[in-house]
Amino acid sequence: MLITENILVALAGLKANIMRSLLTMLGIIIGIASVIAIMTVGNSITIMVNQTMQDLGANNLQMGVMQKSQNNESSDTGMNYGEGYVRELEDSDLISQEMLDDFTTEYKDNIQYVLLTQDIATRWDNAKVSKGNTSANVNLQGLNADALKFKNLKMISGRQFIGHDYKEAKRTCVVSDKLVDRLFDGEYDSVIGKEIEVTVSGNYYKYYVVGVYEYVQESFSFGASDNPTTDIYVPYETARIQTHNQNKGIQYCDLVTTIDTNNDEFATQVRDFFNIKYYSRNDTYEVVCISMTSMMDSMNSMISMIQLALSVIAAISLVVGGIGVMNIMLVSITERTKEIGTRKALGATNGSIRLQFITESVVICLIGGIIGILAGVGLGTLAVKFMGYEAAVSVQSIVIAVGFSMAIGVFFGYYPANKAAKLNPIDALRYE
Amino acid sequence: MGDNTMLDLRNIHKSFFIGTPNEFEVLHGVNFHVKEGEFVSIVGQSGSGKSTLMNIIGALDRPTAGEYTLDGVDIEKAKDHELSILRNKKIGFVFQTYNLIARTTALKNVELPMMYAGMSKGERADRAKMLLEEVGMKDRMHHKPDELSGGQKQRVAIARAMANDPAIILADEPTGALDSATGRLIMDIFHKLHEEQGKTIVLITHSPELSQETQRIITLKDGTIMGESTGTWQGLKVKEDA
Ligand SMILES: Nc1ncnc2c1ncn2[C@@H]1O[C@H](COP(=O)(O)OP(=O)(O)OP(=O)(O)O)[C@@H](O)[C@H]1O
Ligand SMILES: [Mg+2]
């Protein structure tokens, strides 16, 4: 009852001094707005990253040959940075087909697919297929049979690769319906068997089309367009030859595990298998294996850390804002000393005076907070849109912001309010 | 009218700047008694200590020495919190400078003491309207203080003083800032409260004519009571008949 009355009094006071109120709130507005904007951007990036990783396959493991981490041998001798020369990767350091076969037989219950890919042109290479004046943007990637299967392509016409495409490294390819729409007037059947030419920074690659798949837009892409960059797939061996990858072994591959497999545990087993059986006598290189889930976890916690650090910096401006509120409350109380005296003469207790001014400071901070939230959501959304992602506002951060601005109101309003409450009634009344 | 003592002040002293070289005493042992239902005025030169005495009577300030009971309550022993409740329930203040709360309407001003008393919203609005009607301000109840004339403000202030039906009304120069015709109007409201509702009223005034309208006139000089006389007032009815 007293609260609603106090809120009305506070609002009337703010309205009477709009400019002053706004300037007072500015610190709070800026503080809350930056926290909310940071949270919105961070939240959106987290969701985007997770979605992208999910698309890549949440039950994936990434395995690869990497230089041994130094700390085993050198840490006890102290500083060893740049100690010397690292032996270059040789064929004998790579994972051979025999090792891989041994591994997949050993863990056939855990492994669903072994994905081998060889990029010829990624989205940054501006690869194109041209016909007359029109051209289609493409990525060009070599896939092994498992990787192609894992893509789970929906074929519109033609076929995927068969045994001899891989074994003989045929120059065959599978293209998207979007590419056919653009360059071959959507004639999905008659394009089969035709030769296309892909231009990648001055190099030409020629393939025969054997199949057309239905293009599915990525969950997070840089805006929808009628000329999306679509993938052209070629056999893994073909891609290796064309990129002059003459290594006799494999440096990186992805593993898709079965549903029952615990990826984090399995990653350790994979490491142990290779490192004990094949790499124990290798002086420089070893096999590392990390699960997508643990990568996602560490990515998420990294984003959260950055978010937290930035928010703490932004929160400092909230403290500055709070001090501004405290300052204006002290001014307001001095201005209204006579009013306080009158209220006391009319029977206001110290408690009700204190409540009145704390309410007033909370109202200032809350209004500032709400303006800040709106500004922060706006700015954050704009920034995320500018980066080309979908904005995801963090509801949690809004709730926290509202709570936090009220807390600032109470914290920085308490001292002035208490000062007002403790005024001697007659001194307050006589104040000129 | 009852014979019960409303105010009982014995040997009241009041000093300022206590413990400093500037220390000086304003009230030098004042004895002052008011019975329930009395209308008393306090007169005296400027600086004689009238307001100082009134502030002690109104429990806004504490005496340096002496004993004071208000309507049976021992004031020196009361805590700050209890004094707030006492001011709220038993005392109605009318100030020379009106002291209405700016930015809130006449109605809200009158409601204020009732709000502090914890009365419900509907109840206090009804009572505030009734009180404003009594002082002839009902048609202006939604106006803010800066939209009212001095006399109108003082009428709102009197309605506010009556909000919790106090035992005593304390008015420190309520007509001091008004012209004589408006002052007359305000005095008539006090007479009405006194005669029709039996309110105890203590009035400070610089006007000899207005003090003559009260039952007892106390003269204060340099912080002591110099004398007491009886007013010539015959009651509102007599004046109207004349
Ligand atoms: N809070 C105070 N601090 C210091 N001196 C005070 C205070 N209040 C009153 N005085 C002093 O006490 C004396 C009496 O003041 P008071 O206001 O009671 O006079 P008054 O009779 O009401 O005068 P007036 O008729 O002008 O209103 C004055 O000398 C005044 O300066
Ligand atoms: Mg005075």
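The values are calculated or read from the model by the stated rules, or taken from the named source; none is laboratory data. The structure displayed is predicted, hence computed values, not measured ones. No Cβ is skipped: glycine too gets one built from the backbone with ideal geometry, and neighbour counts run over all protein chains shown. All accessible areas refer to the heavy atoms of the entire protein, side chains included, with ligands and DNA or RNA removed. Shrake-Rupley method; radii C 1.70, N 1.55, O 1.52, S 1.80 Å.
Ranked by the mean number of other Cβ atoms within 10 Å of their residues, highest first, the peptides B:168-180, A:244-256 fall in the order B:168-180, A:244-256. Each chain gives up part of its surface: B and A jointly bury about 2200 Å² of accessible area, both sides summed, for a 1.4 Å probe.
Mean projected area of the convex hull spanned by the Cα atoms of the stretch A:87-168, taken over all viewing directions: 9.3 nm². Taking every residue in B:160-173 and counting other chain Cβ atoms within 10 Å of its Cβ, the average works out to 1.
Once the 1.4 Å probe is applied to the protein heavy atoms, the stretch B:49-91 comes out at 40 Å² accessible per residue. Placing a pseudo-label 7 Å from each Cα along the Cα-to-Cβ vector at A:T105 and A:E265 gives an inter-label distance of 2.5 nm.
Panel values: the stretch B:1-81, Kirkwood radius from alpha carbon pairs, Stokes-Einstein at 4 °C and 1.567 mPa s, translational diffusion coefficient 96 µm²/s. Loop-located chymotrypsin sites (Phe, Trp or Tyr not before Pro) in the stretch B:1-92 (DSSP state other than H, G, I, E, B) with a sparse environment of at most 15 neighbouring Cβ atoms within 10 Å: B:F17. When only alpha carbons of the stretch B:1-157 are considered, Rg and Dmax amount to 18.0, 54 Å. Within the stretch B:202-232, which residues have the backbone N less than 12 Å from the label spot 7 Å out from B:Q96 along Cα→beta-carbon, could you tell me? Those under the cut-off are B:204-207.
Taking packing as the residue-averaged number of other Cβ atoms within 10 angstrom, the listed peptides A:314-325, A:156-167 run from highest to lowest as A:314-325, A:156-167. When chain B is treated as a GNM with alpha-carbon contacts under 10 Å, the residue of B:I225, B:I158, B:I201 showing the greatest mean-square fluctuation is B:I225. When the Cα gyration tensor is reduced to axis lengths a ≥ b ≥ c, the ratio a/c stays below 1.5 for the stretch A:118-242, which is therefore classed as rounded. Scattering from the stretch B:83-217 was approximated by placing one identical point on each alpha carbon and applying the Debye formula without solvent; log10 I(q)/I(0) at 0.20 1/Å stands at -1.19. Across every pair of non-identical alpha carbons in the stretch B:45-91, the mean reciprocal distance, once inverted, gives a Kirkwood radius of 11.2 Å. Residue ranges A:376-382, A:292-298 sort as A:376-382, A:292-298 when ordered by packing (mean number of other C-beta atoms within 10 Å per residue, highest first). Expressed as a whole percent, the accessible area of chain B that falls on carbon and sulfur atoms is 50 (1.4 Å probe).
What is the Å³ per residue value for the convex hull set by the Cα atoms of the protein assembly as shown? Before the final figure, lay out the partial values.
Details: hull volume 187.0 nm³, N = 674.
It comes to 277 Å³ per residue, whole-number rounded.
Averaged over the residues of A:346-357, the number of partner chain Cβ atoms lying within 10 Å of the residue Cβ comes to 5. Using the Cβ-Cβ distance between A:M302 and A:K385 with R0 = 30 Å, the FRET efficiency computed as 1/(1 + (r/R0)^6) comes to roughly 0.80. The slack in the chain from B:Q212 to B:A117, taken as 0.36 nm per residue of separation less the alpha-carbon distance, amounts to 30.7 nm. For peptide A:202-215, the mean count of partner chain Cβ atoms within 10 Å of a residue's Cβ comes to 0.
Under conditions of 4 °C and 1.567 mPa s, the stretch A:225-353 yields 57 µm² s⁻¹ as its translational diffusion coefficient, taking Rh as the Kirkwood radius over Cα pairs in the Stokes-Einstein equation. For chain A, the solvent-accessible area of protein heavy atoms averages 52 Å² per residue (probe radius 1.4 Å; ligands and nucleic acids excluded). Over all other residues within a Cβ to Cβ distance under 14 Å of A:N247, the charged ones net out to -3, with Lys and Arg as +1 and Asp and Glu as -1.
Rounded to the nearest 0.05, the FRET efficiency derived from the C-beta distance between A:L330 and A:T258 at R0 = 56 Å is 0.25.
Could you tell me whether the stretch B:142-242 comes out rounded, prolate or oblate from its Cα gyration tensor? Rule is a ≥ b ≥ c as square roots of the eigenvalues, rounded for a/c under 1.5, then prolate if a/b exceeds b/c, otherwise oblate. Here the stretch B:142-242 falls in the prolate category.
Please report, largest first and rounded to whole Å, the three semi-axes of the ellipsoid equivalent to the stretch A:235-306, where each semi-axis is the square root of five times an eigenvalue of the C-alpha gyration tensor. Could you put the intermediate results ahead of the total?
Details: eigenvalues 140, 73, 43 Å².
They are 26, 19, 15 Å, listed from largest to smallest.
Apply 1/(1 + (r/R0)^6) to the Cβ-Cβ distance of A:S280 and A:I192, taking R0 = 41 Å, and write down the FRET efficiency to the nearest 0.05. Step by step, r from the Cβ atoms, then E = 0.25. Where the accessible area of the stretch A:112-189 is counted over protein heavy atoms with a 1.4 Å probe, how much of it, in %, is carbon and sulfur? With neighbouring chains kept in place, the figure for the stretch A:112-189 is 42 percent.
Calculated [222 nm] ellipticity per residue, helices only, for chain A: -18000 deg cm²/dmol; basis is -39500 (n - 2.57) per DSSP H run with n ≥ 4, divided by all residues, nearest 500.
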